[in-house]
Amino acid sequence: MSKKIVLPAVAVLALVAGGFGWAYMQSHTPKAATQPAIAPAAAQAAVANDQDMAALKDILASYRKIIVVMADEKTMSETDLQSATTVGQLLFHANLGNQQQLGDKLDKLVESADPKRFDRLAGMLDYIESDPTLFDADRLAFREVLGALQKSVARDSSLQAIKLHKRIGDDLDALGDIEHNYEKEISQIFSHFDSRAIVEKREKWEDYVAHLKTIYTREQILKDYGVITPYPLAKLRQQDDENKEIFGDKLPPKTLLLSFDDGPHPQYTDEVIAILKQYDLPAVFFQVGRNLGTLDAQGKAKLGPNAAISRKLLAQGYAIGNHSYTHAQLSKETGDALKAEINNTDTLLQAVDTKRPPLFRFPYGARNAEGMALLRADHLRSVMWNIDSLDWADPVPSSIAD
C-alpha cells in the first residue's frame, strides 16, 4: 500500500530513547550456544511483549475475517448472506471482548510502576504504524485500542506519557485519513444500495480484499464458527398472538424505530444520546447485563458504574431493554443457563429502575421455543428488527449511514 502512518519527529525521539530495547529484541536472535542467561525481569518483559502482540494480532484476525465473510455480499444468495451476517456478528462481538480485555490490560499497565511500561506501549505502536505486513485498511482494526490507550495515557503527566499521548493522537489522525481514502470502496462492498453515479475504478481496496482471501476463505470461516439457526420464523409468526413478539411490519405506517444494542458503553452511549437529542428522536437501547453489573451468590444485583448511563437514558425519556447477560447464542442454550441469561439482566435492569420497560432482544435474533416461553413467563416481549445497518462489519461510518 502507498500510505503509511508517518511517525512524528517527537515520537521518533521517544522511540530512540525508550523503545530501543524492544526493537533490539525483535531484530537480534543470538545463537543458543552464545546466548547469555536472561534475567527473570527481562524474561517476564519479553513474555508480556509477546502477549501484547498476540492480542493485537487476534483483533486484526477477527477484523479481517469479517471483511472476508461479507465481501461480495451483493452476489450472495439470501441464505448465504444470512449465514455470513450471523457469523460476522459473532466475530464482531468476540472482537469487542478482545478489545475490552486488551484495553483493561493496557490501562493497568499505564497506571503501574513498571519502569518499562512505555517501552511496551511504544513497541505496540511500532507494529501498528510500520509493520510491513499490514495494509492501511488493516490499521483501522486498532482504532478502539488506540482511543482507549490515549485516554489511559492522558492521566499520566510524565514527559514520556505526554510524548506517547501526542504520538497516539497523530496515529488516530492518520487513521482518519485512511478511513476517508477507503470510504467509497468500503461503502460499495457493504452498502445494500447501488450507486447511480459513475464511479471510477479503484484498485486498492480490491487488492486488499484479494490479499485477505489468500489468508482466509468464507467457507472455512463459516465452518469454523458454525451457523446459528434461529427458531423458524414462520412458526413464530403463527404464534404471534400468544408470543406478542414485536416486528417492524407491525408498527404504524411510515414509522421508523431506532434501536441500539450491546451497551451501555461509557463513551458511545452518551454520544448517541447527544445526536438523538439534537434531532429530537426517540430510541430503544437493548443492554447486556454484564455491562450493567454483577449478581452476588444470593442473586442480588450489584450495579457497576455503567448503570448510571442507563438511569440517564430513562431520565431523558428513552427506553432500555434486556439483551441477555453475556450476549450468548440463546438458541443453543437450555435450562438454567438460558434462564440466567434472561433473568440476571432483568434483575440488574430492575435494580436500575423497577419500572424498566419489559422488552427483550435475542442476541443475533437467535431464539428458540424454550426462550420464548421464558419470556412469556417473565412478562417480557421479544423485539426483532427489519434492517441490519451492518455497523459491526463496516469500519467507515458514512457507508453505515448510506
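The values are calculated or read from the model by the stated rules, or taken from the named source; none is laboratory data. A quick note: this is a predicted structure, and the numbers were derived from the prediction, not measured. Every residue, glycine as well, gets a Cβ built from its backbone with ideal geometry; the counts of neighbours run over all protein chains shown. Only protein heavy atoms, including side chains, enter the accessible area calculation; ligands, DNA and RNA are left aside. Shrake-Rupley method; radii C 1.70, N 1.55, O 1.52, S 1.80 Å.
Quick look at the numbers
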read-out	value
Candidate set: the stretch 239-279, residues that are modelled with pLDDT under 90 and of a type in the set (S, T, N, Q); chosen: the one farthest from T326 (Cα to Cα)	T255
Set I189, I178: member being under 25 Å from the mean Cα position of the chain (by Cα), assigned to a helix (DSSP H, G or I) and modelled with pLDDT under 55	I189
Subset of the stretch 340-356 (residues that are of a type in the set (S, T, N, Q) and either open to solvent by less than 30 Å² (accessible area, probe 1.4 Å) or assigned to a loop (DSSP other than H, G, I, E, B) (or both))	T345, T354
Single condition L359 does not satisfy, out of (1) farther than 18 Å from D261 by Cα; (2) in contact with a Gly (Cβ under 6 Å, 6 or more places away or on another chain)	(1)
Some residue of the stretch 259-268 being under 21 Å from the mean Cα position of the chain (by Cα) and small (G, A, S)	yes
Q298 modelled with pLDDT under 95, over 18 Å from Q100 (Cβ atoms) and assigned to a loop (DSSP other than H, G, I, E, B)	yes
Failed item in (1) in contact with a Leu (Cβ under 9 Å, 6 or more places away or on another chain); (2) of a type in the set (K, R); (3) surrounded by 18 or more Cβ atoms within 10 Å (Cβ to Cβ), with R361 passing the rest	(1)
Residue list for the stretch 239-266, restricted to those being touching a residue at least 12 places away in the same chain (Cβ under 8 Å), assigned to a loop (DSSP other than H, G, I, E, B) and of a type outside the set (A, V, I, L, M)	Q239, K244, E245, F247, P264, H265, P266
Among (1) open to solvent by 20 Å² or more (accessible area, probe 1.4 Å); (2) closer than 24 Å to A94 by Cα; (3) touching a Pro at 6+ places or on another chain (Cβ under 9 Å) - the single one G317 does not satisfy	(2)
The stretch 207-227, residues that are aliphatic (A, V, I, L, M), open to solvent by 50 Å² or more (accessible area, probe 1.4 Å) and in a helix (DSSP H, G or I)	A210
Evaluation of R218 against (1) more than 30 Å from A61 (Cβ to Cβ); (2) at pLDDT 50 or above (one fails), failing number	(1)
When residues of the stretch 131-171 are limited to those that are charged (D, E, K, R) and outside any helix (DSSP H, G or I), the one nearest to R64 (Cα to Cα)	D131
Filter result (of a type in the set (S, T, N, Q) and touching a residue at least 12 places away in the same chain (Cβ under 8 Å)) within the stretch 322-355	N322, S324, T326, Q329, S331, T334, N343, N344, T345, T347, Q350
Selection count where residues are among the small types (G, A, S) and open to solvent by 70 Å² or more (accessible area, probe 1.4 Å), scope the stretch 260-308	1
Meets criteria (polar (S, T, N, Q), open to solvent by less than 50 Å² (accessible area, probe 1.4 Å), on the phi < 0 side of the Ramachandran plot and at pLDDT below 90) for S382	no
Which listed residue is under 25 Å from D388 (Cα atoms), out of contact with any helix residue (DSSP H, G or I) (no Cβ under 7 Å at 6 or more places or on another chain), free of Cβ contacts under 8 Å to residues at least 40 places away in the same chain and not small (G, A, S), from K277, K302	K277
Matching residues in the stretch 73-109 - criterion: being open to solvent by 60 Å² or more (accessible area, probe 1.4 Å) and either among the hydrophobic types (A, V, I, L, M, F, W, C) or farther than 19 Å from I387 by Cα (or both)	L96, Q100, Q101, D104, K105, K108
